[in-house]
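The values are calculated or read from the model by the stated rules, or taken from the named source; none is laboratory data. Here the structure is a predicted model, which means the values were calculated and not measured. As a convention, Cβ positions derive from the backbone with ideal geometry for all residues, glycine included, and neighbour counts pool all protein chains shown.
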Amino acid sequence: MTILSDSALPPLALYVHIPWCVRKCPYCDFNSHEIRQTIPELDYVQALLTDLEHDLQYVHGRCIDSIFIGGGTPSLFAAESLDRLLTGLKTRLRFSEDIEITMEANPGTVEQQKFNEFFDLGINRLSIGVQSFNNDMLTRLGRIHDRKAAVRAAEAAHYAGFERFNLDLMFGLPGQSQALTMKDLEYAISLQPEHISWYQLTLEPNTLFYQQPPLLPPDDQIWDMQQQGQDFLADSGYRQYEISAYSRHQVCKHNMNYWRFGDYLGIGAGAHAKLSDPGLDPVRRLQRCRHPQDYLRDACSQKVISQQRILDSDDLILEFMMNALRLNHGVSMHDFEQHTGLASNTIQEPMNAAIELGLMLDMDGHIQASRRGRQYLNNCLELFMAAD
């Protein structure tokens, strides 16, 4: 394995996790917790800033290109608390001049004044969790908002000055027809977001839907939904650049960093980090303790880091390919070498096998999943398990 040099280090981002929400959705497997009492906003912000200092040793003064404040429902926090957070981050990290700062927001937890304040703080991108514009679908998903609230949230984002905002939508919902799927996309596009995340509902372990599965549309109907929806988004000017991501002009910089195997700091309850080091251990992963109360108690000590491991060659290959093959246009082999510290011939054998099966394409050192490969991504990834 090659030792990474400082010049070869990938871009660096920051993920901030705010774990509270009004109500836990039955399909949600994120580390989110229903509000039982008042959120300790200021204590949690201080814990985040204290926690960050544990990992500054790994980033060597590197510049932060993007920040993503996710949850939970971060828009529950007051602007004053987020101001304290961003001010504290700026004193500890070096922001790039064109930094992208995204915050997740859910309809039903925002009003115009809040969006105005978030924009004034320097947050320049929103991701609004709509999921559907159909009230029956929203009820079945356990959402706290209705279609009118979703529309108001998008309109509020425009009015506040957000040129970049994302609408999150799902398809393959309980009782959803193809016509209803297309109606959701039509509604979303009429609101003129810069970005749309459109993905299939899956039943994840540790969710209510997994324990008590709802009746979902049959697989062939879901496949038809996906094909018709993708064509409609393309005809409407939304370019698909990743399995579930569509943009008019500007991709999500933060998520692109994940898919290109970039580095990211992660702070907050249950947050993950992936950090490259120009020393002997090229890439390490860290995870924070999951429960908010444990996090608040342990943020000032190393106990806040519940897991830490160094990635070996097998890990690096599989994780790189898991991310890179989600991108429609893939990545260069140069990126593979730089971001993993491994030689390109390490994956030549499984790559040849994937190409022969029609799952991958290699165009002068630029690799990507074929259309068939994106359809059968897990089969493609199996070829890269223990590739070296």
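Restricting to the range 57-88, what's the tally of residues that are of a type in the set (Val, Ile, Thr), in contact (Cβ under 8 Å) with a residue 12 or more places away in the chain and not in a strand (DSSP E or B)?
The total comes to 2.
Which condition from (1) surrounded by fewer than 16 Cβ atoms within 10 Å (Cβ to Cβ); (2) more than 25 Å from residue 31 (Cβ to Cβ); (3) not charged (D, E, K, R) is the one that residue 293 breaks?
Of (1) surrounded by fewer than 16 Cβ atoms within 10 Å (Cβ to Cβ); (2) more than 25 Å from residue 31 (Cβ to Cβ); (3) not charged (D, E, K, R), only one is false for residue 293: (2).
Has the range 301-319 got at least one residue that is closer than 18 Å to residue 385 by Cβ and assigned to a loop (DSSP other than H, G, I, E, B)?
Yes: one or more hits.
Contact list please: Cβ distance under 8 Å, first residue in the range 238-257 and under 10 Å from residue 196 (Cα atoms), second residue of a type in the set (A, V, I, L, M) and part of a loop (DSSP other than H, G, I, E, B), pairs at least six apart or on different chains.
So the pair list comes out as 245/251.
Of the residues 228, 250, only one is of a type in the set (S, T, N, Q) and not in a helix (DSSP H, G or I); which?
250
Go through the residues of the range 289-304 one by one and say whether even a single one is without any contact (Cβ under 8 Å) to a residue 24 or more places away in the chain, in the same structural domain as residue 104 (by TED's automatic domain parsing) and either in contact with a Gly (Cβ under 6 Å, 6 or more places away or on another chain) or not basic (Lys, Arg) (or both).
The answer is no; no qualifying residue exists.
Residue-wise test of (1) assigned by TED's automatic domain parsing to the domain that holds residue 156; (2) small (Gly, Ala, Ser); (3) more than 21 Å from the chain's Cα centre (by Cα).
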| site | (1), (2), (3) |
| --- | --- |
| 167 | yes, no, no |
| 174 | yes, no, yes |
| 179 | yes, yes, yes |
| 193 | yes, no, no |
| 197 | yes, yes, no |
| 205 | yes, no, no |
| 209 | yes, no, yes |
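Regarding residue 192, is this residue farther than 30 Å from residue 95 by Cα and modelled with pLDDT of 95 or more?
The answer is no for residue 192.
Give the residues of the range 22-56 that are surrounded by fewer than 19 Cβ atoms within 10 Å (Cβ to Cβ) and assigned to a helix (DSSP H, G or I), sorted by residue number.
Result: 41, 42, 43, 46, 49, 50, 53, 55, 56.
For residue 142, work out the one condition from (1) touching a Cys at 6+ places or on another chain (Cβ under 6 Å); (2) assigned to a loop (DSSP other than H, G, I, E, B); (3) under 24 Å from residue 252 (Cα atoms) it doesn't fulfil.
(3)
Enumerate the pairs (first residue in the range 218-230 and in the same structural domain as residue 196 (by TED's automatic domain parsing); second residue anywhere and not in a helix (DSSP H, G or I)) with beta-carbon separation below 6 Å, excluding pairs fewer than 6 apart on the same chain, so at least 6 apart or on different chains.
From the range 218-230, the pairs are 222/172; 225/171.
How many residues are within 26 Å of residue 225 (Cβ to Cβ) and either in contact (Cβ under 8 Å) with a residue 40 or more places away in the chain or outside any helix (DSSP H, G or I) (or both) when one looks only at the range 362-388?
Looking only at that region, the number is 9.
So how many residues does the range 146-161 have that are surrounded by fewer than 22 Cβ atoms within 10 Å (Cβ to Cβ) and either over 22 Å from residue 24 (Cβ atoms) or within 23 Å of the chain's Cα centre (by Cα) (or both)?
8
Of everything in the range 97-132, what is crowded, with 21+ Cβ neighbours inside 10 Å, part of a loop (DSSP other than H, G, I, E, B) and either outside the structural domain of residue 153 (by TED's automatic domain parsing) or free of Cβ contacts under 8 Å to residues at least 60 places away in the same chain (or both)? Give them in sequence order.
Passing the criteria: 107, 110, 123, 132.
Quick one: residue 164 ticks every box in (1) without any contact (Cβ under 8 Å) to a residue 40 or more places away in the chain; (2) closer than 18 Å to residue 253 by Cα; (3) basic (Lys, Arg) bar one, so which box is it?
In the conditions (1) without any contact (Cβ under 8 Å) to a residue 40 or more places away in the chain; (2) closer than 18 Å to residue 253 by Cα; (3) basic (Lys, Arg), residue 164 misses (1) alone.
Please return the ranges of helices (runs of 4 or more DSSP H) entirely within the range 145-219 where 2 or more residues are among the aliphatic types (A, V, I, L, M).
147-160, 178-190
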